[in-house]
Amino acid sequence: MPYLDVNDTTLYIEDEGSGPALLFLHGWGTSGRVWGGQLREFVRDHRVVTVDGRGCGRSARPARGNTVDGSVADLVALIGALGLDRPVVVGSSIGAVLATELGLRHPSLIGGIVAVDGPGYWPAATGALGELTPGLRDDRAGLLAGWVPEWFAPGTAPALIDWTVRQILDSGVYIDEQLDVFATYDPRPRLPGLTVPVHYLHGELDAPIPPEVAWTLAALTPGAEVTMIHGAGHMPQLERPAEFNAALRAALTRLRAAA
């Protein structure tokens, strides 16, 4: 079942393996393909589900619903349709926000959260995304060519950066609406009430979202811990897959013990 109809759209999913469920969520504009370095490792002893969010990758590109609320609603429907039993949700960048919102709004549905380089409060506090909307509208390819390399640590292979840019260019333009929420998004006041166990993984060289964000969020989240991925930027699962996989396995062990 590679395609799943939820709400008003169709999502592309991959669902392999058996065991405790993991649900992987990609970041803005990319796709489930960003987890290619994790699939073979974790499908050996987990049920692994990846999804291309609405407007991204191989999913449909509706003009409506491209918000945090819409994406969370899609995930609630997906968990129900697939019969996932309290999966641990592993979210990268905006995917970390969606995982956190799932935990805050629907704690009974998931068994844990691994937030990977999540933006948290940082864009709202710094206004870092303020210039993106007009740039994406007027010169999408040019803006991405200048911005996406900043996501990666120095020395990252240019082919990996170019591949990431191409994924975003292949996604629909309506996903830009997802970025609007970050003008005001700040989960910090609600994190002390989060009852789902959380682990923060973060690239130590993440320039767009510095490591202090993970430490700040963890300090507010009951029982949360932080693991830094050395030598990685904003996309550690792509930049340092072996180190990331080891850190994710350790995080899953801690989350299950906490649960």
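Computed from the coordinates by the stated procedures, all read-outs in this text should not be read as laboratory data. None of these values were measured; they are calculated from a predicted model. Neighbour counts run over all protein chains shown; Cβ positions are idealised from the backbone, glycine included.
For region 224-259 versus region 116-139, the spacing of their alpha-carbon centroids is 25 Å. Summing +1 for each Lys or Arg and -1 for each Asp or Glu among the other residues whose beta-carbon sits under 12 angstrom from that of A115 gives -3.
By its C-alpha gyration tensor, with a ≥ b ≥ c as the square roots of the eigenvalues, how is region 108-259 shaped: rounded for a/c under 1.5, else prolate for a/b larger than b/c, else oblate? Verdict is oblate for region 108-259. Helical content of the chain, expressed as a calculated mean residue ellipticity at 222 nm, amounts to -11500 deg cm²/dmol (DSSP H runs of 4 or more residues, -39,500 (n - 2.57) each, divided by residue number, nearest 500). For region 57-86, the residues whose backbone nitrogen is under 15 Å from a point 7 Å from the Cα of R105, taken along Cα to Cβ, are 65-80.
Of the trypsin sites (Lys or Arg not before Pro) in region 27-83, the ones in a loop by DSSP (not H, G, I, E or B) with at most 15 other beta carbons within 10 Å are R44, R64. By the combined test of axial Cα extent (at least 20 Å) and Kyte-Doolittle hydropathy (mean at least 0.5), the qualifying DSSP H helices of the chain come to 68-82.
Where both bridge residues fall in the chain, DSSP classifies roughly 30% of the beta bridges as antiparallel. Taking amide H positions as modeled 1.01 Å from N, with prolines and chain starts lacking one, the residues under 5 Å from T227 and 5 or more places away or on another chain are Y200, L201, H202.
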